[in-house]
Amino acid sequence: MTRRGRQWLSDAADDPEKCRSVWADDPRAPHLFPAGLHFDVVVVEQRTGLEVFHQLQQRGMPCGPVLSDLGSSEVGFLLNVRSRKRFERTVVTESEYGDRPGYSYLAKGSSVMIPGPMPLSGDRYQWIAAPARPVEGSPLRAVALAVVIVATTRLLNRFDRYGSEFLDLESEEWPEETTDGA
């Protein structure tokens, strides 16, 4: 995490001085933050979240900070405040013909446990992408996140259906190909 990201994040705490003091003593320590004041958070299950992060990175789409809670197997994407309408409208539009993803949108009135600036690999709360600067910028981040969450959910659901419907490698064999003599 950059110094600028650490400063911005600690400023987002209910008590910034206490947060900085805790992190000065133990930079691994997670801290409870209010959502909806400096950032909103979209939370998805870990399998979906890791694939969403990978797809956003691979395609050069805007992503922002991403955290992981290994205890609850969830991934959280930090967004600009007041991104909810744009995010949810895009989810509805993109889900029109397919699977609607499961997610939680944390905004004003919610809290989120944020990893410390330097967690170790065994810590429950981890940064997948730590903040380098304040969460601000293009409203396209919410749109990109919604599109990729819907697409990833659809893809993972198809993988699961395919696996349960067509591939039971322990009890079935691959069907033999037939030819019609043509």
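The values are calculated or read from the model by the stated rules, or taken from the named source; none is laboratory data. This one's a predicted model, so the numbers in the text were calculated from it and none came from an experiment. Neighbour counts run over all protein chains shown; Cβ positions are idealised from the backbone, glycine included. For accessibility, only protein heavy atoms count, side chains too; no ligands or nucleic acids. Shrake-Rupley method; radii C 1.70, N 1.55, O 1.52, S 1.80 Å.
Scanning the range 6-47 for residues that are in contact with a strand residue (DSSP E or B) (Cβ under 8 Å, 6 or more places away or on another chain), part of a loop (DSSP other than H, G, I, E, B) and within 22 Å of residue 121 (Cα to Cα) turns up just one, 30. Looking only at residues of the range 86-118 that are among the hydroxyl-bearing types (Ser, Thr, Tyr) and touching a residue at least 24 places away in the same chain (Cβ under 8 Å), we find that the one that is nearest to residue 60 (Cα to Cα) is 90. Sub-9 Å Cβ pairs linking a first residue in the range 1-18 that is closer than 15 Å to residue 67 by Cβ to a second residue that is small (Gly, Ala, Ser) and surrounded by fewer than 20 Cβ atoms within 10 Å (Cβ to Cβ), at least 6 apart or interchain, are 1/130; 1/132; 5/130; 5/132; 6/130; 9/130, ordered by first then second residue. Scanning the range 102-118 for residues that are open to solvent by 30 Å² or more (accessible area, probe 1.4 Å), among the small types (Gly, Ala, Ser) and more than 13 Å from the chain's Cα centre (by Cα) turns up 109, 110, 111. Across the range 134-146, the number of residues qualifying as farther than 13 Å from residue 48 by Cα, in a helix (DSSP H, G or I) and of a type in the set (A, V, I, L, M) comes to 4.
When the residues of the range 23-37 are filtered to those that are open to solvent by 40 Å² or more (accessible area, probe 1.4 Å) and touching a residue at least 60 places away in the same chain (Cβ under 8 Å), the one that is farthest from residue 108 (Cα to Cα) is 26. Checking each residue of the range 55-64 against the condition of being in contact with a strand residue (DSSP E or B) (Cβ under 8 Å, 6 or more places away or on another chain), surrounded by 14 or more Cβ atoms within 10 Å (Cβ to Cβ) and modelled with pLDDT under 95 gives at least one match. When you look at residue 172, is it under 30 Å from residue 32 (Cβ atoms), at pLDDT below 90 and among the acidic types (Asp, Glu), yes or no? Against the criterion (under 30 Å from residue 32 (Cβ atoms), at pLDDT below 90 and among the acidic types (Asp, Glu)), residue 172 does not qualify. Checked against the criterion of being in contact with a His (Cβ under 9 Å, 6 or more places away or on another chain) and either open to solvent by 50 Å² or more (accessible area, probe 1.4 Å) or among the aromatic types (Phe, Trp, Tyr) (or both), the range 88-97 has no qualifying residue. Checked against (1) modelled with pLDDT of 90 or more; (2) touching a Pro at 6+ places or on another chain (Cβ under 9 Å), residue 85 passes all but a single condition, namely (2). Please verify whether residue 74 is of a type in the set (Asp, Glu), farther than 15 Å from residue 131 by Cβ and at pLDDT 95 or above, treating the condition exactly as stated. When the stated conditions are applied, residue 74 passes them.
Within the range 73-124, being part of a helix (DSSP H, G or I) and either in contact with a helix residue (DSSP H, G or I) (Cβ under 7 Å, 6 or more places away or on another chain) or small (Gly, Ala, Ser) (or both) holds for 86, 87, 90, 91, 94. When 73, 83, 121, 68 are checked against the criterion of being free of Cβ contacts under 8 Å to residues at least 40 places away in the same chain and within 16 Å of the chain's Cα centre (by Cα), a single residue qualifies: 73.
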